[in-house]
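Quick one: the structure is below, and I'll ask about it shortly.
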Amino acid sequence: EVQLVESGGGLVQAGGSLRLSCAASGFTFDDYAIGWFRQAPGKEREGVSCFSSSVGTTYYAESVKGRFTISSDNANHTVYLQMNSLKPEDTAVYYCAADRDTYFSASYYCLTLDFGSWGQGTQVTVSS
């Protein structure tokens, strides 16, 4: 069983930074895809950033390009999302996801939400 647990969310002022962490268990980072998604109340879940190791591609939503960075620490089985220059519109519950990579592109994963495992989410609130 794959288990993903997010942490690092909280309340931050506009322009501030947060780093979200996703601790993974029961999952190896060999030939993998990872992703971060967010969902605001009444809105659909959207892909923020995804990475596909098999294809070697990274995807960022246009709204976060230049501000967010996805990364992973394979030894510690942890996925990160560094968020800088936060805006009020970034407010949402953020979810991490993981799956075995079968040569799909990062954009595929972020646009289709085709991940087998999901975390429970962590709240990020950005004040004006």
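Is there a residue being crowded, with 17+ Cβ neighbours inside 10 Å, free of Cβ contacts under 8 Å to residues at least 40 places away in the same chain and in contact with a strand residue (DSSP E or B) (Cβ under 7 Å, 6 or more places away or on another chain) anywhere in the stretch 114-123?
No, there is no match, as no residue in the stretch 114-123 is crowded, with 17+ Cβ neighbours inside 10 Å, free of Cβ contacts under 8 Å to residues at least 40 places away in the same chain and in contact with a strand residue (DSSP E or B) (Cβ under 7 Å, 6 or more places away or on another chain).
Condition check: among the charged types (D, E, K, R) and within 17 Å of residue 121 (Cβ to Cβ). Does residue 67 satisfy that?
no
Kindly provide the set of residues from the stretch 1-22 that are over 22 Å from residue 67 (Cα atoms), open to solvent by 30 Å² or more (accessible area, probe 1.4 Å) and either in contact with a Ser or Thr (Cβ under 6 Å, 6 or more places away or on another chain) or not charged (D, E, K, R) (or both), ordered by number.
If the condition is that a residue be over 22 Å from residue 67 (Cα atoms), open to solvent by 30 Å² or more (accessible area, probe 1.4 Å) and either in contact with a Ser or Thr (Cβ under 6 Å, 6 or more places away or on another chain) or not charged (D, E, K, R) (or both), then 2, 3, 5 are the ones that fit.
Any residue in the stretch 28-49 that's touching a residue at least 24 places away in the same chain (Cβ under 8 Å) and open to solvent by 80 Å² or more (accessible area, probe 1.4 Å): show its pairings with residues that are not in a strand (DSSP E or B) and not basic (Lys, Arg) at Cβ separation under 7 Å, as long as the two are six or more apart or on different chains.
The qualifying pairs are 31/53; 31/54; 31/101.
From the list 109, 95, pick out the single residue that is under 15 Å from residue 2 (Cβ atoms) and within 13 Å of the chain's Cα centre (by Cα).
95
Given (1) in a strand (DSSP E or B); (2) modelled with pLDDT under 95; (3) of a type in the set (A, V, I, L, M), where does residue 126 come up short, assuming only one miss?
Only one criterion is unmet by residue 126, namely (2).
Quick check on the stretch 17-25. Is at least one of its residues touching a Gly at 6+ places or on another chain (Cβ under 7 Å) and over 24 Å from residue 90 (Cα atoms)?
No.
Please enumerate the residues belonging to the stretch 62-103 that are surrounded by fewer than 18 Cβ atoms within 10 Å (Cβ to Cβ), among the acidic types (Asp, Glu) and not in a strand (DSSP E or B).
62, 89
Taking the options 101, 90, name whichever one is touching a strand residue (DSSP E or B) at 6+ places or on another chain (Cβ under 7 Å) and in contact (Cβ under 8 Å) with a residue 60 or more places away in the chain.
Sole residue among the options that is touching a strand residue (DSSP E or B) at 6+ places or on another chain (Cβ under 7 Å) and in contact (Cβ under 8 Å) with a residue 60 or more places away in the chain: 101.
The values are calculated or read from the model by the stated rules, or taken from the named source; none is laboratory data. Predicted model, so just to flag it, every value in this text is computed and none were measured. Using ideal geometry, Cβ is built from the backbone for each residue, glycine included, and neighbour counts are taken over all protein chains shown. Ligands, DNA and RNA are excluded from the accessible area calculation, which covers all protein heavy atoms including side chains. Shrake-Rupley method; radii C 1.70, N 1.55, O 1.52, S 1.80 Å.
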